[in-house]
1. Helices (runs of 4 or more DSSP H) wholly in region 199-315 with at least 1 residues that are out of contact with any Pro (no Cβ under 8 Å at 6 or more places or on another chain), free of Cβ contacts under 8 Å to residues at least 40 places away in the same chain and aliphatic (A, V, I, L, M) - which ones?
2. Only one of (1) assigned by TED's automatic domain parsing to the domain that holds Val295; (2) of a type outside the set (S, T, N, Q); (3) closer than 22 Å to Tyr103 by Cβ is not met by Met270, so which one is it?
3. Out of all the residues in region 25-33, is one or more under 21 Å from the mean Cα position of the chain (by Cα) and more than 30 Å from Leu146 (Cβ to Cβ)?
4. Scan region 109-139 residue by residue and report those that are free of Cβ contacts under 8 Å to residues at least 60 places away in the same chain and in a helix (DSSP H, G or I).
5. Would you mind finding the one in Asp114, Asp140, Asp162, Asp156 that is charged (D, E, K, R) and at positive phi?
6. Can you tell me which of Thr306, Thr297 is more than 30 Å from Ser258 (Cα to Cα) and of a type in the set (Val, Ile, Thr)?
7. Look at Leu58 and say whether it is of a type in the set (A, V, I, L, M) and either out of contact with any helix residue (DSSP H, G or I) (no Cβ under 8 Å at 6 or more places or on another chain) or under 20 Å from Ile262 (Cβ atoms) (or both).
Amino acid sequence: MNKREVSDLVLFGGAPLFDEIKSTSNLVQPDPKKFFEYARKSFDARWITNNGPVVQELELRLAEVHGVSHCVSVCNGLWGLVLSMSCLALDSRREVVMPSLTYRRLADIVAWLDLVPRFCEVSPETLGVSRATVEACLNDETAIILAPHPIVNLCDIDGLEDLAKESGIPLLFDSVEAAHATHGGKQVGGFGAAECFSMHASKFLNGFEGGYVTTNDAALAEKLRIKRAFGFSGEDNIVELGLNAKLNELHAAMTLASVDDIPDQLVRNMGLYDVYERGLRNTSIRLVQYRQDEVRTHKNILVELTGDWPYTREKTLELLHSENMLARPYYHPPLHEKETSYETIVGNLDLSSELSLHYLLLPSGDFLNVEDVEAVCQFLTFLENNSQEIVQGGA
């Protein structure tokens with residue numbers, strides 16, 4: 001770590017800690033030979049799109065990984081959510097109960113379907129929705145419960161499933177940030193009516209781009225397959241309002257190579273997480289810890305700036321960014337604080353507003369090594385130990 005004096009900080013004229021930007025995106029790089037081996041199958045079959053052999057192999061493989069009956073791949077996670085909600089939302093109802101402290105475009109996805117986001121609170125323990133926070137927002141207009149898992153933790157799966165059964169309202173999990181996690185020893189993928197995942201390069205499985213939906217409902221899976229392919233059932237027989245949301249063969253090949261890489265990725269991620277855990281132990285930054293009694297990917301590093309941390313989150317981000325550490329605020333601002341061109345329903349969300357001010361994501365992913373993480377932790381320790389002089393402007 002090349003910071004010995006406050007004057008070594010970039011903000012006071014020093015050289016950056018890292019020559020290249022260190023981001024929070026996973027950007028996992030599976031073995032390229034595996035990718036080309038899988039891709040070759042589609043070229044040999046002369047079938048490179050429209051449910052080709054590699055897509056079919058991927059769907060079978062992912063269904064096995066998640067322990068479900070059906071996996072339906074799509075061109076990206078957004079359309080997986082749109083198609084799933086279009087299939088599941090109760091007729092003649094318009095409201096989607098969902099958290100405000102979540103992915104910045106999730107309400108836009110709801111609006112694509114001419115549905116109305118009704119924002120609910122989250123649990124301060126998990127940063128995800130719970131039975132209690134969702135139940136408080138249910139009414140006769142609730143069409144569906146959209147439950148995105150937060151980064152690191154899972155939302156209240158058991159409570160939400162019970163609530164869905166009692167109310168008769170469909171439950172859809174956005175499991176983009178929960179890929180490969182287990183709950184009660186069972187892989188996510190088979191909870192609720194369906195679960196949606198992303199295969200964007202920044203996610204656990206890198207398919208360049210793409211997504212998929214898992215379910216144990218055969219009728220739902222068939223409806224999703226029809227909708228993703230223009231609404232066709234058989235040749236020129238349109239039975240649903242559909243669109244072109246098919247996954248192509250090259251993206252499927254990259255994802256299969258990433259699936260092969262899962263065991264090694266878990267080891268790599270855990271190695272970096274352990275370094276963060278040790279390196280932040282004596283600082284006023286709290287590492288949000290993954291459960292050790294369940295399977296987790298450990299791919300993201302989420303931290304809370306406690307009351308003893310001497311900087312605001314904005315100042316912390318400024319210091320990190322100047323040194324080429326592309327840390328990111330955690331879901332800030334919450335969705336209820338953003339202006340939209342569509343209708344939303346907002347109650348008292350003071351907790352979400354407050355929580356959104358104190359968390360951030362530190363650099364992680366396949367482009368970092370142990371030495372990089374050690375440098376990040378040493379830099380944060382340096383910031384805390386020299387806070388008075390830094391706040392005074394390096395005087």
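1. In region 199-315, the matching helices (runs of 4 or more DSSP H) lie at 218-228, 262-279.
2. Among (1) assigned by TED's automatic domain parsing to the domain that holds Val295; (2) of a type outside the set (S, T, N, Q); (3) closer than 22 Å to Tyr103 by Cβ, Met270 violates only (3).
3. Yes; the residues of region 25-33 include at least one that is under 21 Å from the mean Cα position of the chain (by Cα) and more than 30 Å from Leu146 (Cβ to Cβ).
4. The answer is Ile109, Val110, Trp112, Arg131, Ala132, Thr133, Val134, Glu135.
5. From the options Asp114, Asp140, Asp162, Asp156, the qualifying one is Asp114.
6. One residue alone meets the criteria, Thr306.
7. So Leu58 fits the description; yes.
Okay, residues lined up against (1) over 21 Å from the mean Cα position of the chain (by Cα); (2) surrounded by 24 or more Cβ atoms within 10 Å (Cβ to Cβ); (3) closer than 30 Å to Pro32 by Cβ:
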{"position": "Gly184", "(1), (2), (3)": "no, no, no"}
{"position": "Ile226", "(1), (2), (3)": "yes, no, no"}
{"position": "Ser233", "(1), (2), (3)": "yes, no, no"}
{"position": "Val239", "(1), (2), (3)": "yes, no, no"}
{"position": "Asn248", "(1), (2), (3)": "yes, no, yes"}
{"position": "Arg286", "(1), (2), (3)": "no, no, no"}
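The values are calculated or read from the model by the stated rules, or taken from the named source; none is laboratory data. Remember, predicted model here, so these are calculated numbers, not experimental data. Heads up, the Cβs are rebuilt from the backbone with ideal geometry, glycines too, and the neighbour counts pull from every protein chain shown.
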